[in-house]
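The values are calculated or read from the model by the stated rules, or taken from the named source; none is laboratory data. Quick caveat, the model's predicted, so the values are computed rather than measured. Glycine also receives a Cβ, built like all others from the backbone with ideal geometry; neighbour counts cover every protein chain displayed. The area values use the complete protein model at the heavy-atom level, side chains included, leaving out ligands, DNA and RNA. Shrake-Rupley method; radii C 1.70, N 1.55, O 1.52, S 1.80 Å.
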Amino acid sequence: MVNKAVTAAIKHHTQDMIAFRRDLHAHPELPFEEVRTTKRIAEELAKIGIEYRLTEPTGIIAEIKGGKPGKTVALRADIDALPVQELNDSLEYKSTQHGKMHACGHDAHTAMLLTASKALYEIRDQLSGNVRLIFQPAEEIAQGAKAMVKQGAVDNVDNVFGMHIWSTTPSGKVSCNVGGTFASADLLVVKFKGRGGHGSMPEATVDAAVVASSFVMNLQSIVSRETSSLDSAVVSIGKMDVGTRFNVIAENAILDGTVRCFDIETRTRIEAAIRRYAAHTAAMYGATVEVDYIYGTLPVINEEHSALLAQSVITDAFGEETLMFEKPTPGGEDFSFYMENIPGCFALLGSGNPEKDTQWAHHHGCFNIDEDAMATGAELYAQYAWSYLQQDKF
């Protein structure tokens, strides 16, 4: 199943891939501001000879047309950075943009997909179908994938594959599980309104601080008593804005939180329970409440045949010892929007290496990657596309 010409091409282009990744790392751009990044990708695609089109406001959709008729498989890389101050002062390619940093590995994803594109273009006459290349902006705000889908990223696509550098997985190891991989990631805003007054006369007030506190304390019962122990879920309140002064009873309380789970039915039940808990808590104290439940990403659920294909590619290309099975993560990933209507899967590429200090958490100012893992990632992109298109039947 492995194409040896692809392996050789990845090896040949590895140093250029690392150099391109370092260039992106030094020039990070925030979601929907990736103007330079988009230009650099376009320049490289033009050098290769791959047709592409720009998307709005940033990003690129390109396509490699195979020499034989067949299906179309899409490969996706995200290109945006984060509003994080880089702390890796010793790096020669440290971010040149104050307060901006590639702290999640998207620079590596982009460089790996470009390198995979070079390899696939070199064997295009052997491809039984086409390879769609998606260089997506704004993953970090969960808006980029939806924007790309609206602009035709997966039109006439039969299967989609993506991956993410993963600092908690040993460098060079790869995980691609069947089923749940990333959770849905929703936002929650709860606004309680009481009746303010003097701190010495609480009997004349409805204390929004007490109302909000009661709500937060009871909220975890939704997970512990209303969600099956077989279904993973997280309900967290991360911010509470209540009160104005030490001797003033708070009239308003605003709570911000998040909900994570791995299936839509659980998500629906949790949303309904949050609204019920909020309404009954407010009524119990004589307050009122507004609940804004904002849908973020869908859960990433790897389709079985796609994940098994990826596992086969991993073992054939890199050896059985490379394949591992990470537990699903409650983090969010907007790759889920590509798989709403077509099958696909999403892999985790290990980059954790304490000897190179690349085991830092994603979004941390010391985050960095083990660049030795990039050749594995680039080849996995290309070999997955090759293997999918070579199948007689899927």
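Brief remarks on what is shown
- Between the Cα long axis of helix 374-390 and the first principal axis of the chain there is an angle of about 70°, rounded to the nearest 10.
- A Förster distance of 35 Å, applied to the separation of the beta-carbon atoms of Ala272 and His364, puts the FRET efficiency at 0.45.
- Note on the range 184-297: Rg/Rh from Cα positions, Kirkwood definition for Rh, rounded to two decimals, is 1.03.
- In this simple spin-label model, placing a label point 7 Å from the Cα along the Cα-to-Cβ direction at both Lys68 and Asn247 gives a separation of 8.5 nm.
- Degrees between helix 4-26 axis and first principal axis of the chain (Cα, 0 to 90, nearest 10): 40 degrees
- Acute angle (nearest 10 degrees) that the helix 106-122 long axis makes with the longest principal axis of the chain, alpha-carbon atoms: 30 degrees
- Among beta bridges that DSSP assigns inside the chain, antiparallel share in %, nearest 5: 65 percent
- Net charge dipole size for the range 253-394 [Lys, Arg +1 and Asp, Glu -1 on Cβ; Debye, nearest 20]: 740 debye
- Helical contribution to [θ] at 222 nm, DSSP H n ≥ 4, -39,500 (n - 2.57), averaged over the chain, rounded to 500: -11000 deg cm²/dmol
- Rounded to the nearest whole Hz, the Karplus-based 3J(HN,Hα) values (6.51 cos²θ - 1.76 cosθ + 1.60, θ = phi - 60°) of the range 167-179 follow the sequence 6, 8, 9, x, 4, x, 7, 9, 10, 8, 7, 6, x, with x at glycine and proline.
- Gly197 long-range amide H proximity, modeled H, under 5 Å: Ile249
- Proximal charge balance of His98 [Cβ under 14 Å; K/R count +1, D/E count -1]: -1
- Measuring r between the beta carbons of Leu54 and Asp357 and using R0 = 45 Å, the FRET efficiency lands at 0.75.
- Just checking the listed ones, His364, His280, His109: in the Gaussian network model of the chain with Cα springs under 10 Å, the one fluctuating most is His280.
- Length available on full extension from Ala5 to Phe325: 0.36 nm per residue minus the Cα-Cα distance, which gives 112.4 nm.
- Whole-percent carbon and sulfur share, accessible surface of the range 184-297, 1.4 Å: 56 percent
- Each of the peptides 160-167, 49-56 was scored by the mean count of other Cβ atoms within 10 Å over its residues; in descending order, highest first, they stand as 160-167, 49-56.
- Listed residues Glu139, Glu326, Glu29, most fluctuating in the chain (Gaussian network, C-alpha, under 10 Å): Glu326
- Percent breakdown of C-alpha pair distances by 10 Å bin, ordered from the shortest bin, for the range 269-354: 14, 29, 24, 15, 12, 5, 1
- Extension gain, Glu92 back to Ala283 (0.36 nm per residue minus Cα-Cα distance, nm): 62.9 nm
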